[in-house]
Every structure is written in structure tokens, then in C-alpha cells.
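Student: Structure below; questions to follow.
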Amino acid sequence: MYRVLVVDDEEMIAEGLALLIGRIVPECKVIAVAYDGTEGYEIAVEEKPDIILTDVRMYEMDGIEMIRRIKAAGLESRYIILSGYAEFEYAKQGIILGVEDYITKPVEEEELYKTFEKVCMSIRQEKQNICQMEELKETVGEYSQSVKEYYMRDILEGQFFPENHLQLQQMEFFRNQSFLCAVFEYNNGEDEKEKEAIREIFQKQCQMHIEKQYDVEILTGKEKGQWIMVLGSSKQTELRKVKNFMGKIRFYTQEQGNGTVCTGIGLWHKRIEGIRKSYVEAMCALNYKMINGPESSISYDEIRNIDSKPARIPEKEVQELERCINEMDNEGCKKVIEKIFRKVNADEALSPENLQVLTINLILFGIRKMPFMQLQINEYLGKNILSLENITRFNTMEQLKNWIINVICGMNDLMMEQNLPEKRDVVKEVREYINKNFSQDISLADISEKFFINPYYFSQLFKKKTGETYQSYLTGIRIARAKKLLKETDLKIYEISEMIGYKDVNHFSRVFEKREGMKPSSYRKAHME
């Protein structure tokens, strides 16, 4: 049974979530409910819950600050945050703090269940790993390869503890003075059998090119088709030499398959603690594959001094993209995004972090135009859009650009579908409304609000069905009425102007003359004669 703390400054929501969790997640028990971040922090420190579900926006202390303080207190709770679609930029801070997952508001029962089930499974897996580790330590008389791999994974994931240092020194590999990590990534789509075959080829290449000069450990990475190589040596050799070896391995491995191999290479670091540092550097270098290409060897030494600056979108392109999104112009959106990427590609100081910010900003342009789409947002964004790891699944800038175009156009299509209920002739309804109310001040925005339809989409639809614009149609109705009044009554022209919806008689005269080729007074005189 996993112990859960619920934190939300809206009392009804907090208690409702607590009841829902107790009903649909049998593995979890809500031990307490807190109504602000300060109270949540105090209860967490005292009760030490396994899982904390918290809102991100609260008055006393927000959820992000509460999580930061709880982690500083040394608690190992798992965190799930609640956020509305407009709070994605704010919720991004939670990812930096290691939040397990997030749920969008309003909360759906199925999403709540799946999220908690995922977190519970993660906790179970971690406990199983710990138990297996302890069993290995007890049953194996001397340190086996499996135990060494467990230690290596702890080190790579930043879970190295000083008290293990003496135990690690008993293993020959860890007696080296210097360590370096490289991460190889093989991309060939979803062919798992080929990836497994390529792994064997990769290991043989490592034995051929590396093992004679260094101690080597090879582990499977977090992603499929990803392998981690850790080199151990009594001294640090030139990085150029290491990169040469890595390049040969990458080339020969790629030659045997149908995919591409990219390599990220860290720096040499002393002592066991340096393995983690080199691994982080290698992953950082690997993230540059979109920029350097999916068939490259990238050393951290090459990128660490890049003076990267935020990838700014020019104001002209911002305005053009917003206009295209407003008008649901997919072809226009595509052209603007392609123009932005051409300028970004020319930036020599480009970094994956810049691309991440650029991606978020472009997607947010679309989100801001979807006021009634809270439940559909995840369909287009995916739950990991705010994490840097997420965009690394793209091997090229072209793939990233096309994905952004598809997301934006998908949002446009969704908004267009939502604008009109099925089997409703909204153009007919609007025309009937205009015929009855043409004397009032009815703008396109007023029509949009009254009939619950996007003004840009309606404008296109109206012209398509009637052959003229909305404004032209309205003007035609008004002028037709004015002509009838001019011929059949002796009302003054300013009175007629007001009766048909024009408060300014001079404006009415200009519109009438443009439409009929003569002024209202001339029209009346001609018909009287």
C-alpha cells in the first residue's frame, strides 16, 4: 500500500481527488489532505508519503516551491503535479525538479488511474532492484559481473555513495585513475531484431579497437538502440586519439546495418565520481545530433565553449504566424515555420536547449488560440513536450520542423472541426439574422460571439457559400433598404442613414455612391422625376 498526500488550495477539489484515488487506485491510501504548500510541506516532513499529488498554483506557497523544500529536507517521495493547459511554461520547472508526471485539469478518472499506476509500478521496480542487489551481495562470494553492472548503473544515474567506495575498489575496473564515457545511438526505426544484432557487432568492434588499450565496460542505455561505453585507464590519453577510435567503431557498426549511428563523447575525469560527469557530458554532446547530423561523432570538448544564445523568433515572423493560426491557414503556417527554421539553421551558436525553447514557443502560439480545447491538448503535445529528452528522439532538424508543422496544423484542424456542429447551416442562420437586424451595429466579431464560431473561419465559409464577403452582403441589404426608403418616403437622408445602421450620414453617402454610382440625393431626384 503506497501512502499518498494530496495538496490543493481548493478544498472541494482536494477532497474530491482524495476520494477518487481511494476508490479507483487500490494500491494507494490517502493519508492526508493539505490546502496550501506550507501545510503540505509540514505534513510531508512528518508523514513521509510515497507519492505527493499537488497543484502547481497555490496562494500560500506554490507546488514547485513546496517540492523544492521537501527535496531539500531529504525526502524521497514521488511527485505528480496538476496543471491547466495555460500553465505549461510554469509546470516546466517541475521537470527540472524531477517530477514523475503531471495531470492536466480538469482531471479525468482514467488519466488519474493510469498516472498513479505508472508511478506505483516505478516504485515497485525500484524496490525490486534494491532487493535483487541485496540478494546478490549475500549469495555471491566474490563480486560478479552483474554486481559490477549494478554499481555502474548507480554511478551513471548519480546514486553513488561514498560508503561504497571501498567495495568498488575491490573490482579491478574501478582501480583505474581516470574514466571516460561515450554513448552510441543506433537509429533504424522500430526493427528490434536488427538493433540486437547490431549490438553484438558493436561489442566486437569495441574488443577489436578499444580493449587492448583500455579497460572497457558496456551497458545498455535508457533508450532502445543506445549503448554506453565506459573506459577506464591509469592515465588520460589524448581526446583526439579516443575520438579516432570511437569514429572507427561508429563507422564499422553503421556499415553492418541499415540505420545510422551517432556518438556522444565525454571528457576524461579522475576518480570514480568522474564517471557520472563524463556520462552527462556524453549525453549532452549526443543531443547535438540534430544540429551536427545523425551520422556523426560529437565530443563534449567541441561544444562546451559554444556561446549559445536564445533562438529568437523575429517579430515579423511572430505576427505572420499568429495571423496564419488565427485564420487557420495551414499552408501559411508551414511557410512561416520553414522560414524560421532557415534562419535558425544559419545560427552557428545553436544548441539543443535553444531548440527546446524554440519548440515550446512555437507550440504555445497554437495553444493560446484554443480556449475550449483543454481535453484535447495532450493529443498534440504529448506528456513530455517540456523535457529536453523528448526532442532528442528527432535525428534531424528537418524531422523536428515537420513535427512542429504537423502539431500546429493539427490544432488548426481541430479548431475548425469544433467551430461548427454537424448538420448546422450557420450561413443560413446568419443571413436570416442580418435580414432582421441590419439596422443595428453588427460586426463580424458580434456574429462570431452570437453564433459561437471563429470569425476567420466563418468569413471564409460565408464567402464560399454566398460568393461574397460578410461585409459586402450586409452592405447590400442596407443599401437595398435605403433605395426603397428614398423612392417611397420623404424621410430625410440622415434619418434613412440611421434607420439602416449608419450613424454617420457622410459615411452612408460614400458607401451608397460607391455601390450605386451616385449620391443618395441624386438617386432620390432621379426616381422622383
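Student: Please determine, by comparing only the residues of the stretch 228-262 that are open to solvent by 10 Å² or more (accessible area, probe 1.4 Å) and β-branched (Val, Ile, Thr), which one is nearest to ARG276 (Cα to Cα).
Tutor: THR237
Student: Got a number for residues in the stretch 263-302 being open to solvent by less than 60 Å² (accessible area, probe 1.4 Å), closer than 20 Å to MET397 by Cα and in a loop (DSSP other than H, G, I, E, B)?
Tutor: Of the residues in that region, 5 qualify.
Student: Taking the residues in the stretch 447-495 that are of a type in the set (Val, Ile, Thr) and in contact with a Ser or Thr (Cβ under 8 Å, 6 or more places away or on another chain) as candidates, determine which candidate is nearest to GLU432 (Cα to Cα).
Tutor: THR469
Student: Also, I was wondering about something else. Identify, by number, the condition in (1) at pLDDT 75 or above; (2) buried (at least 19 other Cβ atoms within 10 Å of the Cβ); (3) hydrophobic (A, V, I, L, M, F, W, C) that PHE88 doesn't meet.
Tutor: Condition (1) is where PHE88 drops out.
Student: Moving on to the next point. Name, by its number, the condition in (1) open to solvent by 80 Å² or more (accessible area, probe 1.4 Å); (2) closer than 29 Å to LYS277 by Cα; (3) modelled with pLDDT of 80 or more that does not hold for ARG153.
Tutor: Failed condition: (1).
Student: Being in a loop (DSSP other than H, G, I, E, B) and either of a type in the set (A, V, I, L, M, F, W, C) or surrounded by 12 or more Cβ atoms within 10 Å (Cβ to Cβ) (or both) is the filter here, so list the residues in the stretch 484-503 that pass it.
Tutor: THR489, LEU491, ILE500, GLY501, TYR502
Student: State yes or no: is ARG510 in a helix (DSSP H, G or I), open to solvent by 60 Å² or more (accessible area, probe 1.4 Å) and not aromatic (Phe, Trp, Tyr)?
Tutor: Yes.
Student: Do any residues in the stretch 498-512 that are touching a residue at least 24 places away in the same chain (Cβ under 8 Å) have Cβ atoms under 7 Å from those of residues that are of a type in the set (D, E, K, R) and open to solvent by 30 Å² or more (accessible area, probe 1.4 Å), where the two are at least six apart or on different chains, and which pairs are they?
Tutor: From the stretch 498-512, the pairs are ILE500/ARG481; GLY501/ASP441; PHE512/LYS519.
Student: Next up: Working only within the stretch 323-340, note down all residues that are open to solvent by 60 Å² or more (accessible area, probe 1.4 Å) and closer than 15 Å to ILE404 by Cα.
Tutor: Hits for the stretch 323-340 are GLU331, LYS334, LYS335, LYS339.
Student: If you don't mind, another one. Can you name the condition, by its number, that LEU168 falls short on among (1) of a type in the set (A, V, I, L, M, F, W, C); (2) surrounded by fewer than 16 Cβ atoms within 10 Å (Cβ to Cβ); (3) at pLDDT below 75; (4) farther than 20 Å from VAL7 by Cβ?
Tutor: LEU168 satisfies every listed condition except (2).
Listed here are the residues, each with its yes/no results for (1) part of a loop (DSSP other than H, G, I, E, B); (2) in contact with a Ser or Thr (Cβ under 6 Å, 6 or more places away or on another chain); (3) farther than 24 Å from VAL107 by Cβ.
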site: GLY40; (1), (2), (3): no, no, no
site: PRO49; (1), (2), (3): yes, yes, no
site: ARG69; (1), (2), (3): no, no, yes
site: GLY74; (1), (2), (3): yes, no, yes
site: TYR79; (1), (2), (3): no, no, no
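Student: Looking at the structure I just gave you, is LYS436 of a type outside the set (Asp, Glu), assigned to a loop (DSSP other than H, G, I, E, B) and open to solvent by 30 Å² or more (accessible area, probe 1.4 Å)?
Tutor: No; evaluated as a whole, the condition is false for this residue.
Student: Same structure, new question: Looking at (1) modelled with pLDDT of 75 or more; (2) under 30 Å from SER297 (Cβ atoms); (3) not in a loop (DSSP other than H, G, I, E, B); (4) not polar (S, T, N, Q), which is the one condition that is false for GLU196?
Tutor: Condition (1) is where GLU196 drops out.
The values are calculated or read from the model by the stated rules, or taken from the named source; none is laboratory data. On a predicted model such as this, the values are computed, not experimentally measured, just so you know. Methodologically, a virtual Cβ is constructed for each residue, glycine included, from the backbone with ideal geometry; neighbour enumeration extends over all protein chains shown. Side chains are part of the model used for accessible areas, which takes the heavy atoms of the whole protein and leaves out ligands, DNA and RNA. Shrake-Rupley method; radii C 1.70, N 1.55, O 1.52, S 1.80 Å.
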